[in-house]
1. Tell me, what is the FRET efficiency for residue 68 and residue 25 to the nearest 0.05, using R0 = 22 angstrom and their Cβ-Cβ distance as r?
2. Nearest 5 is fine: what % of DSSP beta bridges in the range 1-73 come out antiparallel, could you say?
3. Kirkwood Rh, Cα Rg: Rg to Rh for the chain?
């Protein structure tokens, strides 16, 4: 059974396709996006991204097919860190 591709729209308006289970960091890199990292264990939250409004820690999550056909990614913002 052939797995259908998941369409992802990134903050830079680039669209890519991935398979369920693919690594967020590798797919983001193909789109020209660098997801920040910190601890790489899910503790610090540096790698948090919003996927269709849900916060995901990219270092401990793989791409999952959503209810919608398109996964829209945006970066989680923290007013404390904004300059």
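Bear in mind that the values in this text are calculations on the coordinates, not laboratory data. Here the structure is a predicted model, which means the values were calculated and not measured. Cβ atoms come from the backbone with ideal geometry, glycine included; neighbour counts cover every protein chain shown.
1. Details: r = 22 Å, r/R0 = 1.01.
The computed FRET efficiency comes out at 0.50.
2. Numbers: 10 of 13 bridges.
Given both bridge residues lie in the range 1-73, the antiparallel proportion sits at roughly 75 percent.
3. The Rg/Rh ratio comes out at 0.96.
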